[in-house]
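Asker: Dropping the structure in here first, questions after.
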Amino acid sequence: MMKSIFFGIVALMFAAVVMHQDQASVHAADSDVVSGNDVWNYMNRSCSAKLHDQINKEFNAALFYMQYAAYFAQYQVNLPGFEKFFFKAASEEREHGMKLIEYALMRGQKAVDRNSFSLNFGNPARPEPEQGSVALTALRAALAKEQEVTKSIRELIKICEEDHNDYHLADYLTGEFLEEQHQGQRELAGKIQMLEKMLKTNPKLGEFIFDKQNM
């Protein structure tokens, strides 16, 4: 059942991206066209390419979190707190991807680049436990993923603002995304520290209590 729900969500997510791409193909010109009535939607090619790359990263992060959520939802694992946490994280990343698609459309750009967009299903096998806890492995992996996404957003800002003077996109990313990224990283770092302390005395009990009280 969980497997069906998981892949159903992935299918809907991909369908939404394709739908937005089709809309963009009708209403938007290529990003490097600057002539006549198309001047209004100009965005430098490298800036537009990096924006498409960021959209790809957001949806892949959503898939990354859904895989962990599905893992914790299994009856053999049954940690509902972690399940809820990672499904929420997946939803937030999907929302970020949709926001960037909407921004690209507002700027008259293609929603996604079909040549570069891909969903990375990775390896859904059981993660290796750290300090006797798969939950700790998942939290550390989530923090690393958030740092990766934050770094990519900063690179997008640098390319579009410093190299091509696209101040509007830089301001949008700074206001809408960076603060939430930093807050999320701080939350994950705190959870990791707390779980590590609880695992020192009794790993299985500590993980169970943490799931009930802190997720």
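The values are calculated or read from the model by the stated rules, or taken from the named source; none is laboratory data. The structure presented is a predicted model; accordingly, all values stated were derived computationally and were not measured. Calculation scope for accessible area: heavy atoms of the full protein, side chains included, ligands and nucleic acids excluded. Shrake-Rupley method; radii C 1.70, N 1.55, O 1.52, S 1.80 Å.
Asker: Please find, within segment 155-174, the residue that is modelled with the highest pLDDT out of those that are open to solvent by less than 90 Å² (accessible area, probe 1.4 Å) and not in a helix (DSSP H, G or I).
Answerer: In this case the residue turns out to be D166.
Asker: Now for a separate question. Determine if segment 71-83 includes at least one residue that is at pLDDT below 90, of a type outside the set (D, E, K, R), open to solvent by 80 Å² or more (accessible area, probe 1.4 Å) and on the phi > 0 side of the Ramachandran plot.
Answerer: No, every residue in segment 71-83 fails to be at pLDDT below 90, of a type outside the set (D, E, K, R), open to solvent by 80 Å² or more (accessible area, probe 1.4 Å) and on the phi > 0 side of the Ramachandran plot.
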